[in-house]
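Worksheet: one structure, shown below.
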């Protein structure tokens, strides 16, 4: 049974993930919703419940918006990592 609150959409964007300890990495987004994102990841050493910061661009046709979100690792699988995003943008 589907437990998601928001519809997932196939994503074609690169997500910049900032992890504790200053580590940073670019990852490809597989799908994206209003409250979460699933990224192709490997060897990042992330743990369930760990907090990370994300930055990614969304192409809206003639406008490209850069989004910054704080997120929590919701699940890890062989193909990647599911992140639950907080609702509000991070302050720059």
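Points worth noting:
- Scope the stretch 47-67; condition closer than 21 Å to residue 78 by Cβ and within 13 Å of the chain's Cα centre (by Cα); matching residues: 50, 52
- Just so you know, in the stretch 57-76 the residues that are modelled with pLDDT under 90 and assigned to a strand (DSSP E or B) include one that is nearest to residue 19 (Cα to Cα), and it is 67.
- Residues being touching a strand residue (DSSP E or B) at 6+ places or on another chain (Cβ under 7 Å) and under 14 Å from residue 29 (Cα atoms) - total across the stretch 46-68: 6
The values are calculated or read from the model by the stated rules, or taken from the named source; none is laboratory data. This structure is a prediction, so every number in the text was calculated from the model and none was measured. Using ideal geometry, Cβ is built from the backbone for each residue, glycine included, and neighbour counts are taken over all protein chains shown.
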